[in-house]
Amino acid sequence: MSVSVSARRLTAAAAVAAACIGGLALPAAAAGQYPARPHHDVVISKVQYDSPGRDNRSNRSLNKEWVDVTNTSRRAVNLDDWTLSDEAGHTYTFRHFHLDGRATVRVHTGIGRDSATDVYQDRRAYVWNDHADTATLRNDRGRLVDEVTWGHHRGDDRDRRGEHRDGSDIRG
């Protein structure tokens, strides 16, 4: 057998092996075996967790408690079925909502009429704990997109004033 024929057979065997390995790796990735990259274009940009003035549970007071969600990219993002929740499990689900590029939507606690810039949870009680809480934004697959924590939490001696999960401040 000549060197040329052996080289061709070896090259063919290597190509078949690479195809088999690639074929095995692709279904694992397609099946969601690997975590998806977080959607860094959408962030919780600001939280007003302590409604200014008296906490009298009026709709006006409830709507002064809010969370801003900002799309930092140029492209619109479909937020349909994305959720915003607190540590106690109070959850708001976005319904039929597209957030334009470089735009912010304010999620109010109280009752109101949704628009392109403001949506309402339609609650009659406060959601965000003034002393310590976490606002968590998840996409339509339940994957963490962003999280902001404030106040004193068990086992933590820091007083957080709006800190992302990566430790960065929501103001910067």
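Would you grab the residues whose amide H sits under 5 Å from the one on VAL145? Only those 5+ places off in sequence or on another chain, please, with H modelled 1.01 Å from N.
Those lying under 5 Å, H to H, from VAL145 are LEU137, ARG138, ASN139.
Tell me, in nm to one decimal, what length is gained between ASP50 and ALA125 on full extension, where the rule is 0.36 nm per residue of separation less the Cα-Cα distance?
Value of the extension gain: 25.7 nm.
Add +1 for every Lys or Arg and -1 for every Asp or Glu among the other residues with Cβ under 9 Å from the Cβ of GLY112, and state the total.
For residues surrounding GLY112, the net value is -2.
Keeping all protein chains in the complex and leaving out DNA, RNA and ligands, what accessible area do you get for ASP80 with a 1.4 Å probe, in Å² to the nearest 10?
Estimated to the nearest 10 Å², ASP80 gives 40 Å².
Using the Cα centre as the reference, give the magnitude of the dipole from point charges on the C-beta atoms of the stretch 64-138 (Lys, Arg: +1; Asp, Glu: -1; all else neutral), rounded to the nearest 20 debye.
300 debye
Near TYR126, within a Cβ-to-Cβ distance under 15 Å, what is the net charge of the other residues, with Lys and Arg +1 and Asp and Glu -1?
Result for the neighbourhood of TYR126: -2.
The values are calculated or read from the model by the stated rules, or taken from the named source; none is laboratory data. Just so it is clear, the structure is predicted and the values come from calculations on it, not from any experiment. Ideal geometry is used to build each Cβ from the backbone, glycine not excepted, and the neighbour counts take in all protein chains shown. Just the protein is used for accessible areas: all its heavy atoms, side chains included, with ligands, DNA and RNA removed. Shrake-Rupley method; radii C 1.70, N 1.55, O 1.52, S 1.80 Å.
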